[in-house]
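A.B. asks: Sharing a structure here in structure tokens format.
The values are calculated or read from the model by the stated rules, or taken from the named source; none is laboratory data. As the structure is a computational prediction, the values presented were derived from the model and not from experiment. Positions of Cβ are backbone-derived with ideal geometry, glycine not excepted, and every protein chain shown enters the neighbour counts. Areas reflect the complete protein model, heavy atoms only, side chains present, ligands, DNA and RNA absent. Shrake-Rupley method; radii C 1.70, N 1.55, O 1.52, S 1.80 Å.
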Number of protein chains: 2
Amino acid sequence: MTKERLYLFDTTLRDGAQTNGVDFTLPDKLRVMALLDTVGVDYVEGGYPGANPLDTALFSEPRSVKGRFTAFGMTKRAGRSAANDPGVAALLDAKADAICFVAKASAYQVRVALESTQEENLASIRESVAAAVAAGREALVDCEHFFDGFKENRTFALACARTAYEAGARWVVLCDTNGGTLPNEVEAIVAEVTQVVPGDHLGIHAHNDTEQAVANSLAAVRAGVRQIQGTLNGLGERCGNANLCSLIPTLLLKPDFAERFELGVTPDQLADLTHASRVLDEMLNRAPNRHAPYVGESAFATKAGIHASAILKDPATYEHVAPELVGNRRRVMVSDQAGKSNVIAELERLGVDVDRKDPRLTRLLDEVKERESLGYAYEAADASFALLARRMLGTVPDFFEVERFSVNVERRYNARGEMTTVAEAIVKVQVDGEVLISAAEGNGPVNALDVALRKDLGKYQPFISGLRLTDYRVRILDGGTEAITRVLIESADETGARWTTVGVSPNIIDASFEALIDSITWKLLKEGAPE
Amino acid sequence: MTKERLYLFDTTLRDGAQTNGVDFTLPDKLRVMALLDTVGVDYVEGGYPGANPLDTALFSEPRSVKGRFTAFGMTKRAGRSAANDPGVAALLDAKADAICFVAKASAYQVRVALESTQEENLASIRESVAAAVAAGREALVDCEHFFDGFKENRTFALACARTAYEAGARWVVLCDTNGGTLPNEVEAIVAEVTQVVPGDHLGIHAHNDTEQAVANSLAAVRAGVRQIQGTLNGLGERCGNANLCSLIPTLLLKPDFAERFELGVTPDQLADLTHASRVLDEMLNRAPNRHAPYVGESAFATKAGIHASAILKDPATYEHVAPELVGNRRRVMVSDQAGKSNVIAELERLGVDVDRKDPRLTRLLDEVKERESLGYAYEAADASFALLARRMLGTVPDFFEVERFSVNVERRYNARGEMTTVAEAIVKVQVDGEVLISAAEGNGPVNALDVALRKDLGKYQPFISGLRLTDYRVRILDGGTEAITRVLIESADETGARWTTVGVSPNIIDASFEALIDSITWKLLKEGAPE
């Protein structure tokens, strides 16, 4: 059976730029364009030339991108000819392969938001598309508010779609602009639209306001559309646009779609999707959503003991697709929900060999459960778990001993009459019988303690020179004054390795200290430092 | 037309506890149960008694919760009678209204994961349900892997469902355990299951691995099921469970569902949903998802200029539902007019009267924006916001002044050769020209500082005697060593009033101090203490 071609239209750089908290620079946009080449989308909507200086600059010269480079903008205004409209002129001047016009397809919106007439609106669509086609550009029309418009005045909504198609638009895109349409409505309405515009000229543009942008996009495909608009990681105004990182794997890996359709995305590109998703978040300095379908850090992570033992027998028991296909990986976590299987899997990953029947395994599991009930969180703190395990198996040397530490925070008026706060720490360590005392200031008590501790560890100093703290998280358990504090510290080193350690105490300084010591010890163990 | 009743089954405390990074304590679970009362769910699944000490303790005594309190666990093992199975015994011992058994409904899973036979599996379901019913409990059966099982061996999957129903289960719940099933498949399969078990005895349990847990749940309802299982904020293993915070508003506000069904959730409860969602995140110290449908901070936020001006003409132009219905609010980020309305509304709520045209309002708004960009969070810290507003309106007396403080944490060996840590603080305060110095020990530096600060405030001491701290939360913003620390302190007093204050600094002690001072000042203001 010949497969039908589905086209992906990426709007990360246009609708995605509407995300609260996202502000692309021009270099950002160029980097995202390179990223979209690796993803394999068919259209790259770069922005809205004429609307802001950044997008005007982006379209001022030809750009190298594998998908069709697309400029977005409004159809001509009422009362002007297309030739005479500065907005349309900016689009025709843009160095782009395609132009995506946005036009309202709702009688209510035309009346209330535009304060215009239905006839003017249809004329705008017709003349703008004709102008683009005459200039040798591929034309698309985003029919804004299409679904709400259809429910309110079906004739007018269909007239907008038909007008765009008949004027020569390659794609007529049905937009659920406010994001409130349900999948069954999308499917029923699209089926009616295909009576007016052929499905292979129809697109879907969904928003996530009921958490169904992905489902709405797939429902539209089932009903006939052949172009999907979306963004990487579901960026977009309010609750975001349809998430291409969820749609692409589903379209390629689920038989219902994979057997009927083909995309411009190769298996190698699919295997790069997790990476592309994370790179975008890093570029935007957003914490990646650990729970994102397919590409999230936890998307293939198992915590429950009964699930873990089944996964070890056959991963297909608890995985709907193989993580490698999207460039992700399986994780089996250790926690008080865990069974022996989780512990064995994690030890294997950490390179610790132990026999399934070793009685120390049961003791380790009991110890983990006991310590988690005190507040430790080993599923997050991989290095602290590895240390605990190796200690119970007797393979961690005593590299050094901290005899005492003292941390002081003082706030007072300085000589110039200003209120200032100073944090300082003193640490006394014994290494190989040698006593070393270090003191340091910091921007807070934990920072001061960290700096003092790593200032001089004698013969171990060369081993820890590349160590740095990359994240510090605090959680207060049980609240109130009797609270227990849990500290998680993430560390990294010159090799690019990252590990997390945990400390627990009623005293935040003690808890931080415990996590710091674990981090240094893990680094020394990792480097094979001599006892 | 009489509406059919849909039942909501919350599993935040059981399947939600499988979330990577979530570790509920017993007090956490009790607080979530109180929160679920405000949401209005019909069933509260508390955990898995017998599987870990926490859940065993949770079910060791009757708990006050409005929904049916439900214990989760496995059906009896092969080769034992139900009466003789320790797992089933733990469930029957649990102080619960209902028991939700999990049983595999996939021939493949029975063979590979359980290494058992189909007959044994059916017998386990039959006898376990019978034992629960005989003990006077409502019985539910989670048919694990139902959809994958149905596609592979339809006869066996249906036999599991029928057996559960015929043995007396109130609900037979169809689980998409691996989360890979698509909405059209769910709809078609559920339609077939209703030929065997009536829809008003069927439930749906969906996971979000293709980002369609919400769509799958709604598809199942359309096909006949009358119970939905889900979690607050979509917590759950891997990509999470079906998100009740998205499902509840859709079911109550979208005509397709609202006209056919009724829930146990009142309009007032719906208007509290955003709050409930945020409280859960705060409790778990997770940053709330700003883009969450309905309840996210950005769910009704508009950035685009053209959208904003339309919204000012008529909010319905760009909002699929009114934000107030779910307790959320509109944000128009480009318009400081809209911001001013928000500030006025909040001041009114706090009993601060101010004229709309007062120029100090604009300054207050700028100050709030400036401070929020530094890390302050006034939406959570109502008392700090009220103090900031009153200071700018010139109505906060200078009750006292802290001239200096010093906090010391020291860890060393004591006389008995044990390692101990001591935290102590000294505070020097000026009240009415009188200088007061107090010192105190605490279980950590912040506790020591708090105790010292409230030990002697001179003439103000009687006003603060009923003050106590009820929660202390820390969030590190931006991570790493350059991190900024935000501290939120919740306080309460003898009248039952509660308020929250905020402090921000690179130094956690400074940030805590700021929040403590705000809390004491708010209490003095509230009591009308003289200057």
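A.B. asks: As an exercise, identify the GluC sites (Glu not before Pro) in the stretch A:223-312 lying in DSSP coil whose Cβ has no more than 12 other Cβ atoms within 10 Å.
C.D. replies: Loop-located and lightly packed - A:Glu259.
A.B. asks: Dipole size in debye (nearest 20) for the stretch A:425-531 around its Cα centre, Lys and Arg Cβ +1, Asp and Glu Cβ -1?
C.D. replies: 180 debye
A.B. asks: Calculate how steeply helix B:26-39 sits against the longest principal axis of the alpha-carbon atoms of chain B, using the helix alpha-carbon long axis, and give the answer as 0 to 90 degrees to the nearest 10.
C.D. replies: Approximately 80 degrees, to the nearest ten.
A.B. asks: Another question, then. Would you mind listing the distances between the A:Val112 label point and the same position in each other copy? Use 7 Å along Cα-to-C-beta, nm, one decimal, shortest first.
C.D. replies: Relative to the other copies, A:Val112 has label-point distances of 5.2 nm.
A.B. asks: Arranged from highest to lowest average of other beta-carbon atoms within 10 Å per residue, in what order do the peptides B:383-391, A:343-351 appear?
C.D. replies: Going from most to least packed, we get B:383-391, A:343-351.
A.B. asks: Continuing with the same structure: Every other copy gets compared here: list the nm distances from the B:Glu348 label point (7 Å along Cα to Cβ) to its counterparts, shortest first, one decimal.
C.D. replies: Copy-to-copy label distances for B:Glu348: 6.3 nm.
A.B. asks: Only protein chains counted, 1.4 angstrom probe. Which residues of the stretch B:20-35 are at least 40 Å² less accessible in the assembly than when their chain is isolated?
C.D. replies: Residues meeting the cut-off: B:Asn20, B:Asp23.
A.B. asks: Based on DSSP H runs of at least 4 residues, each adding -39500 (n - 2.57), what is the mean residue ellipticity at 222 nm of chain A after dividing by all its residues, to the nearest 500 deg cm²/dmol?
C.D. replies: Rounded to the nearest 500, it is -11000 deg cm²/dmol.
A.B. asks: Same structure, new question: Expected output is a single nm value to one decimal: the length gained when fully extending between B:Glu152 and B:Arg63, i.e. 0.36 nm times separation in residues minus the C-alpha distance. What is it?
C.D. replies: Taking B:Glu152 through B:Arg63 to full extension adds about 27.9 nm, to one decimal.
A.B. asks: Sticking with this structure for a sec: Find the sum over both chains of the accessible area lost when B and A are paired, probe 1.4 Å, and report it in Å² to the nearest 100.
C.D. replies: It comes to approximately 9200 Å² buried between B and A.
A.B. asks: What does the average come to when, for each residue of peptide B:199-205, you count the partner chain Cβ atoms lying within 10 Å of its Cβ?
C.D. replies: Other-chain Cβ atoms within 10 Å of each residue's Cβ, averaged: 0.
A.B. asks: Which FRET efficiency value, to the nearest 0.05, is calculated for B:Thr470 and B:Lys3 with the Förster distance at 45 angstrom and r the Cβ-Cβ distance?
C.D. replies: 0.65
A.B. asks: While we're on this one: Go through the stretch A:129-134 residue by residue and turn each phi into a ³J(HN,Hα) via Karplus (6.51, -1.76, 1.60, θ = phi - 60°); whole Hz please, and just put x for glycine and proline.
C.D. replies: Each residue's phi maps through the Karplus curve to give 4, 4, 5, 5, 5, 4 Hz.
A.B. asks: Collect residues whose amide H, placed 1.01 Å from N in the peptide plane, falls under 5 Å from the amide H of B:Arg404; neighbours closer than 5 in sequence don't count.
C.D. replies: Those lying under 5 Å, H to H, from B:Arg404 are B:Lys428.
A.B. asks: Return the sequence-ordered ³J(HN,Hα) values of the stretch B:94-101 in whole Hz as given by the Karplus equation 6.51 cos²θ - 1.76 cosθ + 1.60 applied to θ = phi - 60°, using x for Gly and Pro.
C.D. replies: 4, 7, 9, 7, 9, 10, 9, 7
A.B. asks: Amide H of A:Val102 versus every other amide H placed in the peptide plane: which residues, excluding those fewer than 5 positions away on the same chain, fall under 5 Å?
C.D. replies: Amide H neighbours of A:Val102: A:Gly73, A:Met74, A:Thr75, A:Asp142.
A.B. asks: Let me ask something else. Say a label goes 7 Å from Cα toward Cβ at B:Thr56 in every copy; what distances in nm does this one have to the rest, shortest first?
C.D. replies: 7.2
A.B. asks: Given labels modelled 7 Å from the Cα in the Cβ direction, how far is it in nm from A:Lys455 to B:Asp358?
C.D. replies: 5.1 nm
A.B. asks: Over 22 Å between Cα atoms, which of A:Lys369/A:Lys428; A:Lys340/B:Lys95; A:Lys313/A:Lys523; B:Lys369/B:Lys526; A:Lys428/A:Lys526; A:Lys104/A:Lys151 qualify?
C.D. replies: A:Lys369/A:Lys428; A:Lys340/B:Lys95; A:Lys313/A:Lys523; B:Lys369/B:Lys526; A:Lys428/A:Lys526
A.B. asks: Between rounded, prolate and oblate, where does the protein assembly as shown land on the alpha carbon gyration tensor, with a ≥ b ≥ c its root eigenvalues, rounded for a/c under 1.5, else prolate if a/b exceeds b/c?
C.D. replies: Oblate.
A.B. asks: Relative to the Cα centre, what is the charge dipole magnitude of the protein assembly as shown, using +1 at the beta carbon of each Lys and Arg, -1 at the beta carbon of each Asp and Glu, and rounding to the nearest 20 debye?
C.D. replies: Dipole of the protein assembly as shown, to the nearest 20 debye: 720 debye.
A.B. asks: Calculate the mean, over all residues of peptide B:167-178, of how many other protein chain Cβ atoms lie within 10 angstrom of the residue's Cβ.
C.D. replies: Mean partner shielding for this stretch: 1.
A.B. asks: Could you compute how much accessible surface B:Lys3 exposes when probed at 1.4 Å, giving the result in Å² to the nearest 10?
C.D. replies: 90 Å²
A.B. asks: To continue, here is another question. Highest mean first, what order results for B:110-120, B:31-41, B:443-453 on Cβ atoms within 10 Å?
C.D. replies: Answer by packing, highest mean first, reads B:443-453, B:31-41, B:110-120.
A.B. asks: Within 10 Å, Cβ to Cβ, of B:Phe72, how many net charges do the neighbouring residues add up to if Lys/Arg are +1 and Asp/Glu are -1?
C.D. replies: -3
A.B. asks: Also: Shape verdict for the stretch B:401-527, please, from the Cα gyration tensor: rounded (a/c under 1.5), prolate (a/b greater than b/c) or oblate.
C.D. replies: The shape class here is oblate.
A.B. asks: Sort out for me the Cα centre separation of the stretch B:105-123 from the stretch A:496-518, rounded to whole Å.
C.D. replies: Using only Cα atoms, the two centres lie 44 Å from each other.
A.B. asks: Subtracting the Cα-Cα distance from 0.36 nm times the residue separation, let me have the gained length for A:Ala191 to A:Thr25 in nm, one decimal.
C.D. replies: Separation in residues times 0.36 nm, less the Cα-Cα distance, equals 55.7 nm.
A.B. asks: On to the next question. Round to a whole number: what % of the accessible area of the stretch A:301-392 belongs to carbon and sulfur, probe 1.4 Å?
C.D. replies: 47 percent
A.B. asks: Roughly how crowded by other chains is peptide B:438-446, in terms of the mean Cβ count from those chains within 10 Å of each of its Cβ atoms?
C.D. replies: For this peptide, the per-residue mean of nearby foreign Cβ atoms is 4.
A.B. asks: Let me ask something else about it. Considering protein heavy atoms only and a 1.4 Å probe radius, which residues within the stretch A:218-242 exhibit an accessible-area decrease of no less than 30 Å² in the full assembly relative to the chain by itself?
C.D. replies: Residues shielded by partner chains are A:Arg222, A:Glu237, A:Arg238, A:Cys239.
A.B. asks: A follow-up question, please. What net charge is computed for the residues neighbouring A:Asn208, neighbours being all others with C-beta under 13 Å from the C-beta of A:Asn208, Lys and Arg scored +1, Asp and Glu -1?
C.D. replies: Taking every Cβ under 13 Å from that of A:Asn208, the sum is -4.
A.B. asks: If amide H atoms are built 1.01 Å from N in the plane of the peptide, which residues on other chains or at least 5 residues away come under 5 Å of the amide H of B:Gly236?
C.D. replies: Amide H to amide H, under 5 Å and 5 or more residues apart or across chains, B:Gly236 pairs with B:Thr19, B:Asn241.
A.B. asks: Could you report the protein assembly as shown's accessible area per residue, 1.4 Å probe, as an integer in Å²?
C.D. replies: 37 Å²
A.B. asks: Provide the gained length on full extension for the span B:Glu367 to B:Ala78, in nm with one decimal, where the gain is 0.36 nm per separating residue minus the Cα-Cα distance.
C.D. replies: Going from the current span to full extension adds 97.4 nm.
A.B. asks: If we sort A:415-427, A:215-227, A:498-510 on the protection proxy, mean other Cβ atoms within 10 Å, highest first, what's the order?
C.D. replies: Output ranking for A:415-427, A:215-227, A:498-510: A:215-227, A:498-510, A:415-427.
A.B. asks: Moving on. Which GluC sites (Glu not before Pro) from the stretch A:462-519 combine a DSSP loop assignment with at most 12 other Cβ atoms within 10 Å?
C.D. replies: When the GluC sites (Glu not before Pro) of the stretch A:462-519 are filtered for loop state and at most 12 Cβ neighbours within 10 Å, A:Glu482, A:Glu494 remain.
A.B. asks: At 7 Å along the Cα-to-beta-carbon direction for both A:Ala497 and A:Ala258, put a label point, then send me their distance in nm to one decimal.
C.D. replies: According to this spin-label approximation, the distance is 3.6 nm.
A.B. asks: Still on this structure: Of B:Thr495, B:Gly417, B:Ile437, which is farthest along the charge dipole of the stretch B:401-527 in the positive direction, counting Lys and Arg as +1 and Asp and Glu as -1 at C-beta?
C.D. replies: Final value for the positive-end residue is B:Gly417.
A.B. asks: Now a separate question. I need the phi-derived Karplus couplings for the stretch B:412-422: 6.51 cos²θ - 1.76 cosθ + 1.60, θ = phi - 60°, integer Hz, Gly and Pro marked x.
C.D. replies: Going residue by residue, I get 7, 6, 8, 4, 8, x, 9, 7, 9, 10, 10 Hz, with x marking Gly and Pro.
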